[in-house]
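FYI, it's all coordinate maths here, none of it is from the lab. Since the model is a prediction, treat every value here as computed from it, not as a measurement. Here the Cβ positions follow ideal geometry from the backbone for every residue, glycine too, while neighbour counts run over all protein chains shown.
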Amino acid sequence: MDRNLALELIRVTEAAALSCGRWVGKGNKMAADEAATEAMRRTLESLDITGTVVIGEGEMDEAPMLYIGEKVGRGNGQEVDIAVDPLEGTNICAKGMNGSIATIALAPRGGFLHAPDMYMEKIAVGPAAKGVIDINASPTDNLKKIAQAKSCYVEDLTVVILDRPRHDKAVVEIRKAGARIHLISDGDVAPAIAAAVEGSGVDMLFGIGGAPEGVLAASALKCMGGDMQGRLVFMSNEERDRARSMGITDFEKVYHCDDMASGDVVFAATGVTNGDLLQGVRYYSGGAETHSVVMRSKSRTIRFINARHTFDYKPIY
Ligand code: VTB
């Protein structure tokens, strides 16, 4: 993977964030998502890659852009697979709440799990707790192991969980175990990554969210030396059929980072609204500032990038 691509990717997520940033708090999640998707699609066009979207906005017939199977890039460079979520956390963006990001990951052809659009049970931690998590163990056991690995008390740990009734039982157990909980309304990719950033205040992401987003989180955690386990959650026979048609045969399989994202992976994200990981887009007279992260699994370099964009020279925004 050409390492310059990593910096090129930041331009893609910045463009998405700058575009949907205009929709923050406007109560229109569809418009925000469309703005991010359109900007991401347009910027991808300028990359010297032969890209195929494998995690995208949906199937060809349901998404006008960045649909699964869509070819992107100039078509003159390395063959890569692309996972995108132009606006992860459409609701939070529409409500102006914390935690929405624009995100993308690249892997060599065949590098990503083709995750169907369904639920995935997830547990994610940073490098300090790598190798101690077990999705088959109880939340309490996982917390004890993480605390031991991090040389701290369970009471010092903060777990991020989507605020959903399906997590009520786990929330009770985690509180009883003594850990702090940060319940979020949406957007579980950024907190999974934050768990791998020392000093972010997040130690673990736990619970059931989207499977495609699980692949994006796994890509980032692979670049950071963190750890993640995921297991698909089937809600119907249709979902089983769909998974089968995407090549999935073992419905109980526990996916580790490398099963979801393999090879030389590059990941980038830009904050749309403020969060534990990234600051949101801040507009001012004549421009805006963005906050992004870009990383490569090969070098494990993690770059946080603040960029100031001057609109006179970027009239598109
Ligand atoms: C959402 C979204 C998350 O999972 O919650 C979704 O906010 C699925 O959960 O960021 P619901 O169906 O209960 O809303 C994510 O998209 C990603 O994992």
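Placing unit charges on C-beta atoms (Lys and Arg positive, Asp and Glu negative, everything else neutral), compute the dipole magnitude of the range 119-260 about its Cα centre in debye, rounded to 20. The partial results should precede the final answer.
Working: 17 positive and 21 negative charges, 39 e Å.
Here the size comes out at about 180 debye.
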Label-point separation (nm) for Asp168 and Leu183, each offset 7 Å from Cα along Cα-to-Cβ?
1.1
Among bridges DSSP assigns within the range 119-260, what percent are antiparallel (round to 5)?
70
Ratio Rg/Rh [Cα only; Rh per Kirkwood] for the range 1-141
1.01
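Mind giving me the FRET efficiency for Glu59 and Ile135? R0 is 35 Å, r the Cβ-Cβ distance, nearest 0.05 is fine.
On the way: r = 28 Å, r/R0 = 0.81.
With a Förster radius of 35 Å, E is 0.80.
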Using only the alpha carbons of the range 119-260, determine the length spanned along each of the three principal axes and report them from longest to shortest in whole angstroms.
45, 32, 25
Which residue, chosen from Ala35, Val53, Ser19, occupies the Cα position most advanced towards the positive end of the dipole of the range 1-144, where the dipole is computed from +1 (Lys, Arg) and -1 (Asp, Glu) charges on Cβ about the Cα centre?
Ser19
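How much net charge surrounds Ser299 when only other residues with a Cβ under 15 Å from its Cβ are counted (Lys, Arg +1; Asp, Glu -1)?
On the way: positive: Arg3, Lys222, Arg296, Lys298, Arg300, Arg303; negative: Asp2, Asp264.
Neighbour charge sum, excluding Ser299 itself: +4.
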Given charges at Cβ of Lys, Arg, Asp, Glu: the chain dipole, positive-most of Tyr283, Pro64, Ala190
Tyr283
Using Stokes-Einstein with the Kirkwood hydrodynamic radius over Cα pairs, what translational diffusion coefficient do you get for the chain at 20 °C and a viscosity of 1.002 mPa s, in µm²/s rounded to a whole number?
110
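Output the antiparallel fraction of DSSP beta bridges having both residues in the chain, as a percent to the nearest 5.
Details: 49 of 62 bridges.
Beta bridges within the chain, antiparallel portion: roughly 80 percent.
Show me 30-42, 273-285 ranked by packing, highest mean number of other Cβ atoms within 10 Å first.
In descending order of packing, they fall as 30-42, 273-285.
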The summed charge of the Ala196 Cβ neighbourhood (under 12 Å; Lys/Arg +1, Asp/Glu -1) stands at -1
